1. Return a whole-number percent for the relative contact order of the range 45-100, with Cα pairs under 8 Å and 6 or more residues apart as the contact set.
2. Would you mind calculating the gained length between L46 and L77 on full extension (0.36 nm times residue separation, minus the Cα-Cα distance), in nm to one decimal?
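No lab work stands behind these numbers, since they all come straight from the coordinates. As the structure is a prediction and not an experimental result, all values here were calculated from the model.
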Amino acid sequence: MDWEVGPSKVPDPNNLGAHSSTYPRKADKVKTGGRLVLMVGSACLLIVLLMHVAEAFHIFPAMGWGLPNSIGHYLDLVSAILGVALLLIGFIASRLRGRL
């Protein structure tokens, strides 16, 4: 009898041929979509951070940083709301898929 330990004869589920790499599965698309939403939400919050830095150092004073009814105020507000909403949606979508 041959008692040598060698490579298994069981096919590798990650390497099923050209078809598995050509056609992405639906689960992969959902997982990528959730991560994309997380990335966009993070980018929105990064924009909020950069706007606060610009306000502190008086960069682009024409934006009217800190003034009510100015473009800077609304840009900051929309970015903050959108960032928090997208982070929550992306987090929930990732948790529903079972992975973060």
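1. Answer for the range 45-100 is 30 percent.
2. Result for the pair: 9.9 nm of gain on full extension.
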